[in-house]
Amino acid sequence: MVEAYSTVLEFSGAATIRTAEDIVIKLKQALAESDTLIIVCDDLQEVDITFIQLIASARKSAMVLGKTLQVSAPIGGELLKTLNRAGIQPTGSQSFWFQERSV
Amino acid sequence: MAVSLDPIATFRIEAQELFEHLETVLLDIEANPDDKDLIDSAFRAMHTIKGSGAMFGFDAASVFTHHLETAFDWVRKGKVAISSELVEVALVAKDHMRILIEHPDEANSSDGDAILARLAAVIGTAPAKVTLTRAAASQNPTLHKSATYRICFRLPVNALTSGNNPLGLLDELRELGTCTVTAITDDIPLLEDIDPFTCYLVWECLLSTEHPRSAIDEVFIFLLDDMELKVDIVEPDGRRLGEILLDRQAVSAEGLDSALTSQNRIGALLVKEGLVSSDIVTAALAEQGHLRGEAERAAKRENAGIRVQAERLDELMDQVGELVIAQARLRQMADAGKDIHFKALVKEIERLSSELRATTMGIRMVPIGALFSRFRRLVRDLSRELGKEIQLTTAGEETELDKTLIERLHDPLVHLIRNSLDHGIEAPAEREAKGKSREGVIHLSAVHSGAQVLITIKDDGQGIDPLRVRAKAEETGLIPSGTDFSDSDIFQLIFQPGFSTAGTVTSVSGRGVGMDVVKKAIDGLRGSIDVTSTLGVGATITLKLPLTLAIIDGLLVRVGKSRYVIPLSTVEECVERRTVDDTISAGFDFLSIRGELVPFLRLRSLFHVNTPSELFQRIVIVSAGGGRVGLAVDQLLGKHQTVIKSLSKLHAHVPGFSGATILGDGSVALILDIPHLIDYGQTCEAHSRAS
C-alpha cells in the first residue's frame, strides 16, 4: 500500500509577474512530491493575474495526475479580492478557489 | 388645462434634486471619507449634471462640473485623498454649479475661476489639465439609452510583459455601468507547458451602461490592434440558458436538443456531454443572472414613479375640491327627497369622492426628509462661522406632509435652526466648563399626531432664561411689570416683533427679526408653536401643523343664522349647557368639566348675533396653545369635509377666520382660526371689562 503525501505550500508577500518564475518552480516541485497539495495564501499582500493562472494550471495538472490541490485564503484577503476583480466565478471548474477559507 | 412641458424646466427640476443629493453625499463623505460607495455616488451625480447640462445647452455648467468630476475621479482611483478642504471646495463648487444652471445670467465667471483655483490647490494640480479623453467625454455626455453589451476579449499574449494589467481594464469596464465579469480558464495549459508571462485568460463581460459603444473601445484603446474584441448588444429579455449558449455559438442546436430530452440541468448535461466547457456554462449563467438583474432593475425604474408637474397636482386638488362641494349639494338633495335608490347612489358617490380625496391628498404628500437634509449644510457652515462644534441629528424623515406645506416650512425652520446655533448652543470651551461635551446637538424630528404633524427643533444648549425674557419684555413695554405669567406664556413673547435678548448682533441672528416672522409663517399654515426650555439644559420648539392646506375635516356649527366650520383636529369634546345658566353664573365664562375649570367664549356675543338664543347652548371644547377652551354655539350640524378657500383681500385681515368653504346649498361658511379667535375673544373681553 502506497502512503499518500500531502504538502503545504505557503505564499506570502507578492505573488505577481515579478515572482512568477519562482512560483512555477515551487508548484512543479510540490506537485511532483505529493498527492495532496495545499496552497496557503494567508499572508499574500499583492496578487496579479499571473498567480491566478499558475494556480489554475497547477490544479489542472493535479487533476490529470489524479492528485488533489486545495487553496486556503482568508476572507477579505488579497487573493479573494483579485479573484473577484478578475471575474473568477465561484462555480464550475474554478469553484476550488472558494472551498477552503481561513478567518 | 394645458401645461407646457418645457424640457429646460424639467432638467432644472432634475438638476435641483441632483444638487440636493450631491450636497448630502458630500457631507456624508466628510464624515466617512473612506466610503467608496459615497465617493462613487458623488462622482455619478457630478457626471450626470455635466452630461445633462451639456445636452440641454448649459455648456458653462458642464465645463465647470467637468473639473470637479475629474477631481473626484482621481479620488476614486486613489490618486487624491478625501480631505475636509476638498469637501469644502466641492460644496462651494456645487453652489456655483447650481447658479450656472438655475440663474446662468447671475453667474460670475471670476467666482468659478477662483473655485477652480482652490480645487487645483487642494488636489495638488490644475484640474483643467486633465487628459484629453476625459475632456472629450464631456462633449459627448451621458443620457444615452441604457444598453447591455456582451464583451468577449482576449488580450495579446504579451499583454502582461508589455505592462498591461487586465485587472485595471476590467475595473475600467465596471466604471461604465453594471458589469458582470467571467474569466474563462479553458486555455490555461498544464503546469509543465505554462509560460508564466503569457496571458491565457479570456474574459466575457456583460455590461449594462448608458455610455456609448465607443466608451468600451476607449478602455482597450492601446491594445485594440493586437487583441481580440467582440462586442454585441444583448436584449435583457430573460432568455433561457440554452438560448444564450446558442446565441454565443457555444453549442449547436442539435446538441442542445439532445441534452434537452433529459430531465437534468442543461448546463451540467452539456458539460457532461463534452459539448461546452464548464467555464463557458458559468459565463452563460452569469449572463443569465446579469440580464435578469437588469430586467428587474428596469422594471423597478418603470415602477419607481413618474414626474408630474406641481401645477397639475394643484389643479387636480382644486377639481377634487369642487367635486367634494358638488357631492355635498347632492347629499343635501338626497336628504330632502325620499328616493331610496337615489340616496343609495349618493352614498356610493360620497364613498368614491372620499376615496378620491384621500388618494389625491396622498399624491401631494412628500417625505419631510428632503427638507431636513437641506439643513445639514446650514448647520455645518454656520457652526464653523461661529466657531462652534454642532451636530445635526434628524428623526422621522419619512413623515409625509403636503408639498405646499413643506415648501413653506423651509424659511421658518431656517430661522429656528439659526437661532439655536447662535443663541442656544454654547461655544465649545463654555460647554466644557459646564461639564457638557464640546459638541452641541440640534435634533430635528417630525412625527404624525392625529391630523397634525409635530416638527421639533431641540438643542442641548443653554436654554431660554424666562427671567431674562420677562425683564426684556417689561423693559420694552410688551407686558406690564409684575404681571403673573407662566413660563410657557413668557416663552411665547420671543415671537413678538422686534423682541431679542441677544446682547450682540451677529451675522446670524440677534436683531430680533425672524422669530415674529416664524410665528406669522406658522400661523399662515394654520399651525402653532410651543416652546419649552430648561435653563442650562436646552430648548425645544415644537411646530404643530395640519397635514394639508387643501381639504380638512371640520365640525359644522350654527351661531345665529350663520354657519361656521371648526377644524375637527382641534375639537376634543362637546357639552351642553342651559342658556339660562348664563344669568345664574352672572357672566362668569368658565365651565366645570369633570372638575376642571375650562374658560369658554360665547360666539353669539363675539359675532354680535341678535337673534333669539336657543334653550340650550352647545359648547365645543377645543385644544389651543396647550390648554382647553370652549366655544359656545347654537347648534352642532355635524362633520363636514371642508374645502378651504382663501378669503378675499378685503376680508383676509378679519381676525378669527382662516378661510371659507362652500356648503352643499351653495352658501358660504367661515372657517374658524381657533388660536386667533381666542386671542380676539380675550381682547374683546378685556375691553368690555375695562369699559
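Every read-out reported here was derived from the displayed coordinates using simple, explicitly stated rules and does not represent laboratory data. Just so you know, these numbers come straight off a predicted model, no measurement behind them.
Worth a mention:
- B:D553 long-range amide H proximity, modeled H, under 5 Å: B:L568, B:T642
- Only lysine pairs 8 or more places apart or on separate chains count here, and in chain A those with Cα atoms under 17 Å apart total 4.
- Counting only residues at least eight positions apart within a chain, or on another chain, the lysines with an alpha carbon under 20 Å from that of B:K50 are B:K77, B:K94, B:K129, B:K145.
- Each principal axis of the Cα atoms in the protein assembly as shown has its own extent, and those three values, largest first, are 118, 75, 64 angstrom.
- Under-5 Å amide H pairs with B:E389, H placed in peptide plane, nonlocal only: B:G440
- Using the empirical formula 2.2 N^0.38 Å as the baseline, the Cα radius of gyration of region B:551-690 reaches a ratio of 1.02.
- Cα-Cα pairs of region B:276-376 separated by more than 15 Å (percent): 77
- Taking only the C-alpha atoms of region A:1-79, Rg followed by Dmax gives 12.4, 42 Å.
- Only helices enter the 222 nm calculation for chain B: every DSSP H run of n ≥ 4 contributes -39,500 (n - 2.57), and dividing by all residues gives -14500 deg cm²/dmol, rounded to 500.
- Rounded if a/c under 1.5, otherwise prolate or oblate - region B:310-366, Cα gyration tensor axes: prolate
- At the listed q of 0.05, 0.08, 0.09, 0.12 Å⁻¹, the Debye profile of chain B, built from one uniform point per Cα, gives log10 I(q)/I(0) equal to -0.40, -0.85, -0.98, -1.33.
- Remark: the Cα gyration tensor places region B:147-304 in the oblate category, a/c being 1.5 or greater and a/b not exceeding b/c.
- With Cα atoms, 0 to 90° folded angle of helix B:674-690 axis to chain B main axis: 20
- C-alpha long axis of helix B:36-55 to longest principal axis of chain B, angle in °: 90
- Cα gyration tensor category, rounded, prolate or oblate, for region A:5-48 with a/c compared to 1.5: oblate
- Between helix B:310-336 and chain B: long-axis angle, C-alpha atoms, 0 to 90°, nearest 10: 50
- Long-range HN-HN contacts of B:G560 with modeled amide H, under 5 Å: B:D634
- Computed across region B:381-546, the Kirkwood radius stands at 16.5 Å (inverse of mean 1/r, all Cα pairs).
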